[in-house]
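Presented below is the structure to which this report refers.
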Amino acid sequence: MQVLKRAQFSILLELGEGWVIGVKGYGLVVEQKMEVAGMRTVYLDEYQQTEIQKSQMLYMGSPSVSG
């Protein structure tokens, strides 16, 4: 992707007596098109960090629901 490089500012910077340099500032913001990513829920085994199915999950220590 080619981007036009137009200086947004140009100043002289004096570093010391007789030492002057030119400084140009560029805006480096480039507009990009973003695609919306799909969503999904992944359940991970706490110890092995591997993906598991929701049906394999054990709910230990969950408060019981009386009904």
Looking across segment 5-16 at residues that are touching a residue at least 12 places away in the same chain (Cβ under 8 Å) and outside any loop (DSSP other than H, G, I, E, B), the single one that is farthest from the chain's Cα centre (by Cα) is ILE11
Counting just the residues of segment 19-43 that are modelled with pLDDT of 90 or more and either of a type in the set (Val, Ile, Thr) or not in a strand (DSSP E or B) (or both), which one comes out farthest from the chain's Cα centre (by Cα)? VAL20
Pairs under 7 Å by beta carbon, first residue in contact (Cβ under 8 Å) with a residue 12 or more places away in the chain and surrounded by 10 or more Cβ atoms within 10 Å (Cβ to Cβ) in segment 17-39, partner of a type outside the set (Val, Ile, Thr) and assigned to a loop (DSSP other than H, G, I, E, B), six or more apart or different chains? TYR26/LYS5
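The values are calculated or read from the model by the stated rules, or taken from the named source; none is laboratory data. Note that the structure is a prediction, hence the values are computed from the model and not measured. All Cβ positions, glycine included, derive from the backbone under ideal geometry; neighbour counts span all protein chains shown.
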